[in-house]
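First up is the structure itself, then whatever we jot down about it.
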Amino acid sequence: MFSLRCKTARSAFTLLELLIVIVLVSIVYFLGFNGVEKRINVPKALTPLNLKSTIVHSEFFSGEGTLLCINQCKNCYIRENINTPFQAYKNKVDLAGTRAYTLDRYNALNEIEPGRYQDQRICLEMNFYKNGSSTQLVLENKHGIYFLPSFFGEPKKVDSLEEAKALWLADEKNIANSGDFY
């Protein structure tokens, strides 16, 4: 009888072996996947370099709109078109202390004084249009000076207001000569 037992093969796992396998798989799972979470698509903070692309790709934007910032550019509001009310921009804003400049008819940079909203001074107002253009601006804050073109190219960080002015004038020349390509 003893020899008969040794010759028969086992056909199943014991309960103890199954419990050990379950414990080992659980440990590997929790060690390996504990830190893995589904990444939520949170927009980056609004900065001069990503301002246009962030607004154009936000849920607020539907072809055209206006962005305005108050409270020394710490709070921003956006509206879809001129007939809709402004809504608070709920994502992070990194534009504190930003000053906006535009070029006047004598090609001099002047700080923009757009007015007031909710009884606070507007520090930045930028329009976005259906044709893909936007208000052309030069922005200055504690992080640097930035040229934001209306049509061509990406925003650029520059070393001085004079360099931003030169980029502005070059951009105007490109727009004026755009008919040369057709």
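Is at least one residue of the stretch 35-46 in a loop (DSSP other than H, G, I, E, B), at pLDDT 90 or above and not aliphatic (A, V, I, L, M)?
Among the residues of the stretch 35-46, not one is in a loop (DSSP other than H, G, I, E, B), at pLDDT 90 or above and not aliphatic (A, V, I, L, M), which makes the answer no.
Identify all residues within the stretch 66-120 that are among the polar types (S, T, N, Q) and either within 21 Å of Val138 (Cβ to Cβ) or touching a residue at least 40 places away in the same chain (Cβ under 8 Å) (or both); write none if there are none.
Thr66, Asn71, Gln72, Asn91, Thr98, Thr102, Asn107, Asn110, Gln118, Gln120
If I ask for residues that are out of contact with any Lys or Arg (no Cβ under 8 Å at 6 or more places or on another chain) and closer than 27 Å to Ser62 by Cα, which ones from the stretch 127-148 would you list?
Asn127, Tyr129, Lys130, Asn131, Gly132, Ser133, Thr135, Gln136, Leu137
With the requirement that a residue be aromatic (Phe, Trp, Tyr) and farther than 21 Å from Glu113 by Cβ, what does the stretch 49-91 give you?
Phe60, Phe61, Tyr89
Answer yes or no as to whether Phe13 is at pLDDT 65 or above, surrounded by fewer than 10 Cβ atoms within 10 Å (Cβ to Cβ) and hydrophobic (A, V, I, L, M, F, W, C).
no
Results for (1) touching an Asp or Glu at 6+ places or on another chain (Cβ under 6 Å); (2) closer than 20 Å to Phe151 by Cβ; (3) at pLDDT 85 or above, shown as yes or no for each residue.
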| residue | (1), (2), (3) |
| --- | --- |
| Leu49 | no, yes, yes |
| His57 | no, yes, no |
| Gly63 | no, yes, no |
| Pro85 | no, no, yes |
| Arg99 | yes, no, yes |
| Leu103 | no, yes, yes |
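Given the criteria exposed (fewer than 13 other Cβ atoms within 10 Å of the Cβ) and either in contact with a strand residue (DSSP E or B) (Cβ under 9 Å, 6 or more places away or on another chain) or not β-branched (Val, Ile, Thr) (or both), does Glu163 qualify?
Answer is no for this residue.
Please go through the stretch 69-106 and give me each residue that is of a type outside the set (Gly, Ala, Ser), outside any loop (DSSP other than H, G, I, E, B) and touching a Cys at 6+ places or on another chain (Cβ under 8 Å), ordered by number.
Scanning the stretch 69-106 gives Cys69, Ile70, Asn75, Cys76, Tyr77, Val93, Arg99.
Could you tell me how many of the residues in the stretch 127-157 are surrounded by fewer than 18 Cβ atoms within 10 Å (Cβ to Cβ) and either in contact with a helix residue (DSSP H, G or I) (Cβ under 6 Å, 6 or more places away or on another chain) or of a type in the set (Asp, Glu) (or both)?
Adding up the residues that qualify gives 2.
Step by step: first the residues of the stretch 74-90, then only those that are surrounded by fewer than 16 Cβ atoms within 10 Å (Cβ to Cβ) and under 16 Å from the mean Cα position of the chain (by Cα), then the one that is nearest to Arg121 (Cα to Cα). Which residue is that?
Of everything passing the filter in the stretch 74-90, Lys74 is nearest to Arg121 (Cα to Cα).
The values are calculated or read from the model by the stated rules, or taken from the named source; none is laboratory data. Since we're looking at a predicted model, the values are computed, not measured. Every residue, glycine among them, receives a Cβ derived from its backbone with ideal geometry; neighbour counts consider all protein chains shown.
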